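Comments concern the structure below.
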Amino acid sequence: MSDNLPAVTGEMPAKAPGARDVVVPGSADLYLTLELSGGLFALPVSDVSEIFVADRIFTVPLSPAEIAGALNLRGRVVTIIDLACLLRIDQRGTRPEKAENRSIAVQDLGSTYGLLVGRVADVVDLGALPRHKVPGTVQPIWRQVASDVYSLEKQLLICLDKRAFFAEINRLFARLPVHAAASAQAA
């Protein structure tokens with residue numbers, strides 16, 4: 001487990017306490033939970049367009065470490081973002097070579113991105129659980145991309161904010177040499 005994550009003892013419960021078994025399409029409180037280097041994160045189900053295994057990721061030369069590469073997803077070129085690297089949990093290249101590259105597809109302004117995650121855990125309804133603000137003790141990047149925190153029995157669940165998350169991804173693309181050169185020419 002990374003030193004950046006809160007200490008957790010025991011096994012994670014199969015479902016969050018208070019989570020309901022009935023999944024109601026369109027509910028604002030439904031979240032897809034993701035296990036990432038021992039931590040538990042969540043995105044609203046409405047922000048996720050699909051779950052897939054990224055088995056043929058091609059590297060992008062000169063890209064920031066957070067960009068794992070790109071792949072062809074049913075005829076579309078999709079940029080794959082290493083979520084653990086983006087959140088400063090792991091460094092690029094620390095994933096085992098034979099690790100299953102479970103990814104989720106999210107869309108923003110017509111672009112599709114794949115988020116490389118450790119494991120997709122469950123869909124839970126967090127509506128009945130108390131919501132907390134992101135504590136000031138977490139890493140700055142977590143404060144930038146997280147919206148809320150939930151205290152589960154044995155672990156914290158950090159909910160990611162799609163808008164803030166994509167703002168961080170746009171900052172990544174601004175660091176690409178091609179993008180930086182195009183921006184300089186336009187100025």
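Taking Leu152 as the residue in question, decide whether it is touching a Gly at 6+ places or on another chain (Cβ under 9 Å), at pLDDT 80 or above, surrounded by 13 or more Cβ atoms within 10 Å (Cβ to Cβ) and farther than 24 Å from Asp82 by Cβ. Judged against the criteria, Leu152 is not a match.
Just name the residue that is farthest from Val120 (Cα to Cα) out of those in segment 57-91 that are of a type in the set (D, E, K, R) and modelled with pLDDT of 85 or more.
As a first pass, look at segment 57-91 and keep what is of a type in the set (D, E, K, R): 66, 74, 76, 82, 88, 90.
Now restrict to residues that are modelled with pLDDT of 85 or more: 66, 74, 76, 82.
Details: Glu66: 19, Arg74: 21, Arg76: 22, Asp82: 14 Å.
Ranking the candidates gives Arg76 first.
Counting only residues that are modelled with pLDDT under 85 and surrounded by 15 or more Cβ atoms within 10 Å (Cβ to Cβ), segment 92-106 holds 3 of them. Going through segment 41-64 one residue at a time, which ones are exposed (fewer than 14 other Cβ atoms within 10 Å of the Cβ) and either touching a Phe, Trp or Tyr at 6+ places or on another chain (Cβ under 7 Å) or assigned to a loop (DSSP other than H, G, I, E, B) (or both)? Asp55, Arg56, Thr59, Pro61, Leu62, listed by residue number.
Sub-8 Å Cβ pairs linking a first residue in segment 116-135 that is at negative phi and β-branched (Val, Ile, Thr) to a second residue that is surrounded by 20 or more Cβ atoms within 10 Å (Cβ to Cβ) and in a loop (DSSP other than H, G, I, E, B), at least 6 apart or interchain, are Val124/Ala16; Val124/Ala19, ordered by first then second residue.
Of the residues making up segment 171-181, not one is within 15 Å of the chain's Cα centre (by Cα) and surrounded by fewer than 12 Cβ atoms within 10 Å (Cβ to Cβ).
Based on this model, can you work out whether Pro135 counts as loosely packed, with under 13 Cβ neighbours inside 10 Å, within 16 Å of the chain's Cα centre (by Cα) and not hydroxyl-bearing (Ser, Thr, Tyr)? Reasoning before the result, please.
Numbers: loosely packed, with under 13 Cβ neighbours inside 10 Å: yes; within 16 Å of the chain's Cα centre (by Cα): no; not hydroxyl-bearing (Ser, Thr, Tyr): yes.
No.
The values are calculated or read from the model by the stated rules, or taken from the named source; none is laboratory data. What you see is a predicted model, and the numbers here were worked out from it, not measured in a lab. Because the Cβ atoms are built from the backbone with ideal geometry, glycine has one as well, and the counts that use them run over all protein chains shown.
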